[in-house]
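Bear in mind that the values in this text are calculations on the coordinates, not laboratory data. What you see is a predicted model; the values in this text were computed from it and never measured. Counting neighbours? That spans all protein chains shown, and the Cβs are built from the backbone with ideal geometry, glycine included.
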Amino acid sequence: MRKTTILILMLLPFLVFSQEYQKIDSKVREYPSYINLNILSQRISNDFDSDEEKVRAIYSWLAYNINYYTDKSTIVNSSIEMYFSEYDRERKQKNKEAKQIEETISKKRANCYGFSLTFQKLCDLLNIESEVIIGYAKADINDIGAKKSFKNHAWNAVKINNKWKFIDATWANTYLSLKNKKFLKDFYNYYFFTDPDELITSHFPANSKWQLTSNYISKKQFFSKPFLHPNYFVSNFKLTDMKGVLKVSKKTKHVIINFDKINNKDKEYSYTYTGDKHASKLEIIEQYDSTYRAKIKSPKKENSNLTLFYKSYPIVSFKVNTID
């Protein structure tokens, strides 16, 4: 009883503020689809008191009102540009950013850079310190083992109570469907104040100071790890080995995946390989040393993608290569 009471007291602040977030989201959802950021920032300032509440309002408004679109360009322009001076470079850069923000608000669509710049602009209007972070995103299974040379994603850091917090407003309303490989729109709470140790599995900053993690990793290490879906963390799973490419022998004909920790409250595990029409039931067995092991039949194709599910939600994806 004492342990239960302590746990409730520990979770109480989180539960209370989660309810506050819901209130903020509901209020912001009733906002008009503004085309003037000054008016929007004034509305947010009038409706909310703390910086945290205002930042949540920005996050929600962008998720509800701006659609994500992809283009084939990289976030950082790889073409060579000439400048007469540092002042000239800064002036041109500010003009480009202003144009991107204007297009985001007027067209109600943006790529990740447009989301990030607009988020930062609203923070500036509300006198909240923030930064745009440029780097690399691991967006799906195909990014495992990738050797990307061009930066392809942007997100934000915002300072709340003298502590930097991460936000990805782009991924707040967009996710990649595993069924049809299309980007779908839905409100996603996970990318608001995401734990740095979790965000680094999908977001790699070009500037290492923005890792903010307990253990620094290289870009090569980042892309070598499996693709961890948000529900991996939410559902409290922990892999023993963080290799993104699993090698299976033709002789053994099985893929072995070990876990240090799983969610065994409801044992609703399943998996799919590339091309599977339906998920197959997955059995995870507890070992003598209190770890867990999943044993899965090898894919029919020699090279395939494997995704594990918990309660029909993807938790982790791997590449599987068959070797002699």
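Loop-located GluC sites (Glu not before Pro) in segment 211-304 (DSSP state other than H, G, I, E, B) with a sparse environment of at most 14 neighbouring Cβ atoms within 10 Å: GLU268, GLU283, GLU302.
Applying the criteria of a DSSP loop state and at most 10 other Cβ atoms within 10 Å to the chymotrypsin sites (Phe, Trp or Tyr not before Pro) of segment 204-279 yields TYR216.
Legend: ranking of residues LYS23, LYS151 from fewest to most surrounding C-beta atoms inside 10 Å; resulting order LYS23, LYS151.
Segment 182-324 gives an Rg/Rh value of 0.97, both radii derived from C-alpha positions and Rh following Kirkwood.
Other residues lying with their Cβ under 12 Å from the Cβ of THR291 contribute a combined charge of -1, Lys and Arg counting +1, Asp and Glu -1. Label separation (ILE39 vs ILE256): 6.4 nm, computed from points 7 Å beyond Cα along the C-beta direction. In this simple spin-label model, placing a label point 7 Å from the Cα along the Cα-to-Cβ direction at both LYS277 and GLN221 gives a separation of 4.4 nm. Taking other residues whose beta carbon is less than 14 angstrom from the beta carbon of PRO32, and scoring Lys, Arg as +1 and Asp, Glu as -1, yields +2. With each label modelled as a point 7 angstrom along the Cα→C-beta vector, the GLU102-LYS148 pair spans 2.9 nm.
So which of LYS147/LYS295; LYS151/LYS219; LYS147/LYS251; LYS219/LYS243 end up more than 21 Å apart by C-alpha? Distance filter (> 21 Å) returns LYS147/LYS295; LYS147/LYS251. In plain terms, the residue of THR272, THR118 with the fewest other Cβ atoms within 10 Å comes first and the most crowded comes last, giving THR272, THR118.
The residues packed around TYR136, meaning those with a beta-carbon under 9 Å from its beta-carbon, carry a net charge of +3 if Lys and Arg are +1 and Asp and Glu are -1. Taking every Cα-Cα distance in segment 108-151 and sorting them into 5 Å bins starting at zero, the pair-distance distribution P(r) comes out as 5, 18, 21, 17, 16, 12, 7, 4, 0 percent.
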